[in-house]
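The structure appears below as structure tokens.
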Amino acid sequence: MTTATALDTLGRLESEAIHIFREVAGEFDRPVILFSGGKDSTLLLHLAVKAFWPAPVPFPLLHVDTGHNFEEVIEFRDKVVAQHGLRLEVAKVQDYIDDGRLAERPDGTRNPLQTVPLLDAITNHKFDAVFGGGRRDEERARAKERIFSLRNAFGQWEPRRQRPELWNLYNGRHRPGEHVRVFPLSNWTELDVWHYIAREGIELPSIYYAHRREVYLRDGMWLAEGPWGGPRDGEEKVEKTVRYRTVGDGSCTGAVESDAADISAVIAEVAASRLTERGATRADDRLSEAAMEDRKREGYF
Amino acid sequence: MSDLLRLATAGSVDDGKSTLVGRLLYDTKSVLADTLDAVHRASADRGLTTPDLSLLVDGLRSEREQGITIDVAYRYFATPKRSFVLADTPGHVQYTRNTVTGASTAQLGVLLVDARKGVIEQTRRHAAVLALLGVPRLVLAVNKIDLVDFDEVTFSRIAKEFTAHATALGYAEDAVVEIPVSALAGDNVVERSTRTPWYDGPTLLEHLESVPVDADAHDAPFRFPVQYVIRPRTPEHPDYRGYAGQVAAGTVRVGDEIAVLPAGLRSAVTGIDTADGPLQEAAAGQSVTLLLAHDLDISRGDLIATAAQPPTVTDEFEATVCWLSEKALTPGARVLVKHGTRTVQAIVTELRTRFDEQKLASTEAPDSLSLNEIGQVAVRTAEPIPVDDYTKDRRTGAFLVIDAADGSTLAAGLVGAPLPEVDGVDSCTEGGDAALPDTHALVSPGP
């Protein structure tokens, strides 16, 4: 018998994510959702709201702020937090640089610097489950990630010691000081994310859609000028119609040339794209063949 | 037809499994240009003249260095006809552990053999594990067919042998398909080969796109493990009390009589809520919130089930375990059992048989079960739990065995004795139905 309630792919992905949120709410004492205002974390929060409706989301949010932000994204972040009446903790990389606990890297990128403030926030707030928006289709080290990913007291991912993940029975047991990273979007692809955002009418920061912006070309990526710096000698600023496929640290997140000004145009563009979103727009993943794996081992998202 | 197929691949070392998966991704244009550039660069670094497609799949540094796959990796690809979630399970060290993990959620298993070697012991073992975990359908990809000169007789011999093995494991003949392929050259993976004119079956991708997907168990008796109690206590919802969970099996409708287990309480469903509005019914796979007629003491860990066909509630049951830990199991072991949303203390009171992976035979009353071994055990739990036989319900018949001390997952557990007989070896002494002993049933909240 086929019932009218048979789920389509997006319905299955949504149901799986809601199930994961509820498992964590039932088994952990102090979960937190990593929330930057970017599309994956906005989607994450949307799913959390659905999981606990009509009750409020029973977790606070945590933003690890590199200080290299896009204004539109921070405004959007604060608006969404207020709209849902949630508590937002912000761990600032800038504070660590100011007091010398971290040093600015020669290349100016701060994405790798997020790890220490993240781990400190987890320790200080005694967070035991940390929701992230990571997806397995993003990168091949992520393809090996579990939905419940145990991290040791140093926040490290140890690929050889991962627990087998069977059926949908998640084992979140951990020792004091350890925590579990939880990835409800593990099985989503970039296109699934966009189709779902369209279906649910989820609002995103404006920079995900085509707009005019002054950018300069570096290593094949269109970077924007900001507090993190601007064009070097020989790099010329030009105004272009661009949008962002990912939003991270401003110094290493590139824009793509695009006319996709609304969601259906974005979906068409993503479907036709010959580049992965990270490959197209993230300088930090180009550092080496195992850049993501190495950062994850250090405790990165 | 469902638009999503979950599949797991398994094969032994050097069968070319990563290459096959890489080929599937490459030929379905699921690999984007920058990823491909990286593979071209890495292949050239290794002195190869053609791109090594296995590099698309082997994600960890040590895997690429050793040229092997260590851990289960999940791959996503789509064609206009279907989306696919592929669990790529490595075939050498800890193969059972990985195959069990990949198979636990798969609707189809793809096994690989080398056409020069045919069906080998490991193929049989993998097929047995897939059968045990209840994977409904199998494909045998007879790889490296180019290395046997595309010989039809060789292929037919392998296909016949595999079908015989799979049917012995309980598969219907139409649930098993063999396909001659060359992952390296691409024959019959996505593109039809001109070099196997004698083969008129589907290519691997054609088969994946058209194979019937066994629907969720909508017709099975309703099962709903309670994950979380939703109590907003807000001005708009001062008295709301809903039970949040995902329907594990069957269908529930407003008005249905239900039992809450293990307590055996009875009530009726007065509402099925979602953030998108109320529903009249919900079926297996859906995450919803149930409202009940009575104010009952229900919390996480309870199971809401149809009152007409409730599961057995027992504190002693027989189970098959796939042992996944380096710490061996011995009789009397104290463990935790995670079943549905409930975790209880338990003792493995008895080891009844051990299915020997190497010999495909079983031993009675073994002293221990080690990593990658499969056996039948008797379990006693500190409190009764509502269980179904795994062969009847993959969701409510499954459990984890967890180490109480360090929290690690020790085993995949299957209620009952679903291990099939292999090659005439008497691997399970219990009958096929492996009934839960009635004498241990504590509560049977039937009509």
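The values are calculated or read from the model by the stated rules, or taken from the named source; none is laboratory data. Note that the coordinates shown come from a computational prediction; the quantities given were computed from them, not determined experimentally. Virtual Cβ from ideal backbone geometry, glycine too; neighbours counted across all protein chains shown.
Quick notes
- With respect to (1) in contact with a Phe, Trp or Tyr (Cβ under 9 Å, 6 or more places away or on another chain); (2) in a loop (DSSP other than H, G, I, E, B); (3) of a type in the set (Gly, Ala, Ser), the lone exception for B:Ser325 is condition (1).
- For segment B:140-154, the criterion of being within 19 Å of the chain's Cα centre (by Cα) and not hydroxyl-bearing (Ser, Thr, Tyr) is met by at least one residue.
- Hits in segment A:183-202 - residues which are in contact (Cβ under 8 Å) with a residue 24 or more places away in the chain, assigned to a loop (DSSP other than H, G, I, E, B) and more than 8 Å from chain B (Cβ to nearest Cβ): A:Phe183, A:Pro184, A:Leu185, A:Trp188, A:Ile202
- Considering segment B:400-415, and only residues there that are more than 7 Å from chain A (Cβ to nearest Cβ) and under 16 Å from B:Val377 (Cβ atoms), the residue that is surrounded by the most Cβ atoms within 10 Å (Cβ to Cβ) turns out to be B:Ala411.
- Unique residue being touching a strand residue (DSSP E or B) at 6+ places or on another chain (Cβ under 8 Å), within 24 Å of A:Glu23 (Cβ to Cβ) and part of a strand (DSSP E or B) when the list is B:Gly271, B:Gly301: B:Gly271
- Whichever residue in segment B:260-306 is touching a Pro at 6+ places or on another chain (Cβ under 7 Å) and of a type in the set (Gly, Ala, Ser) and, among such residues, is nearest to the other protein chains (Cβ to nearest Cβ): B:Gly271
- If the condition is being in contact with a strand residue (DSSP E or B) (Cβ under 8 Å, 6 or more places away or on another chain) and at the interface with chain B (Cβ under 10 Å from one of its Cβ atoms), then segment A:149-168 contributes A:Leu150, A:Arg161, A:Gln162, A:Arg163, A:Pro164, A:Glu165, A:Leu166, A:Trp167, A:Asn168.
- Counted as qualifying within segment A:1-114 are the strands (runs of 3 or more DSSP E) with 1 or more residues that are more than 14 Å from every other protein chain (Cβ to nearest Cβ) and acidic (Asp, Glu), namely A:61-65, A:88-92.
- Output for segment B:117-162, where each listed residue is among the charged types (D, E, K, R) and in contact with a His (Cβ under 8 Å, 6 or more places away or on another chain): B:Arg124
- Hey, B:Asp151 surrounded by fewer than 18 Cβ atoms within 10 Å (Cβ to Cβ) and either within 24 Å of B:Arg23 (Cα to Cα) or in contact with a helix residue (DSSP H, G or I) (Cβ under 6 Å, 6 or more places away or on another chain) (or both) or not: yes
- With respect to the stated conditions, B:Pro212 fails to be more than 10 Å from every other protein chain (Cβ to nearest Cβ), out of contact with any helix residue (DSSP H, G or I) (no Cβ under 9 Å at 6 or more places or on another chain), farther than 19 Å from B:Arg23 by Cα and without any contact (Cβ under 8 Å) to a residue 12 or more places away in the chain.
- Residue match in segment A:163-186 (condition: of a type in the set (A, V, I, L, M) and under 27 Å from A:Ser264 (Cα atoms)): yes
- Checklist (1) closer than 23 Å to B:Thr19 by Cβ; (2) surrounded by fewer than 20 Cβ atoms within 10 Å (Cβ to Cβ); (3) at pLDDT 95 or above applied to B:Leu140, failing item: (2)
- When residues of segment B:284-305 are limited to those that are among the small types (Gly, Ala, Ser) and at pLDDT below 95, the one nearest to A:Pro54 (Cα to Cα): B:Gly285
- Residues that are away from every other protein chain (no Cβ under 12 Å), crowded, with 17+ Cβ neighbours inside 10 Å, more than 19 Å from B:Ser104 (Cα to Cα) and aliphatic (A, V, I, L, M) occur in segment A:169-182; there is at least one.
- Residue check, B:Thr330 more than 30 Å from B:Thr123 (Cβ to Cβ), loosely packed, with under 15 Cβ neighbours inside 10 Å and either in the same structural domain as B:Gly416 (by TED's automatic domain parsing) or touching a Pro at 6+ places or on another chain (Cβ under 7 Å) (or both): yes
- Selection within segment B:236-259: residues that are more than 11 Å from every other protein chain (Cβ to nearest Cβ) and under 21 Å from B:Ala220 (Cβ atoms). The member of this set that is surrounded by the fewest Cβ atoms within 10 Å (Cβ to Cβ) is B:Gly255.
- Any hit, segment A:130-142, residues being outside any loop (DSSP other than H, G, I, E, B) and small (Gly, Ala, Ser): no
- For segment B:304-346, the tally of residues that are closer than 30 Å to B:Arg231 by Cα and under 22 Å from the mean Cα position of the chain (by Cα) stands at 9.
- For the residues A:Ala91, A:Ala48, the requirement of being hydrophobic (A, V, I, L, M, F, W, C), in contact (Cβ under 8 Å) with a residue 24 or more places away in the chain, more than 20 Å from B:Thr341 (Cβ to Cβ) and outside the structural domain of A:Leu223 (by TED's automatic domain parsing) singles out A:Ala91.
- Only one of the numbered conditions (1) in a strand (DSSP E or B); (2) within 30 Å of B:Glu257 (Cα to Cα); (3) of a type in the set (S, T, N, Q) is not met by B:Gln376, and that is (2).
- Some residue of segment B:219-228 being in a loop (DSSP other than H, G, I, E, B), away from chain A (no Cβ under 12 Å) and surrounded by 20 or more Cβ atoms within 10 Å (Cβ to Cβ): yes
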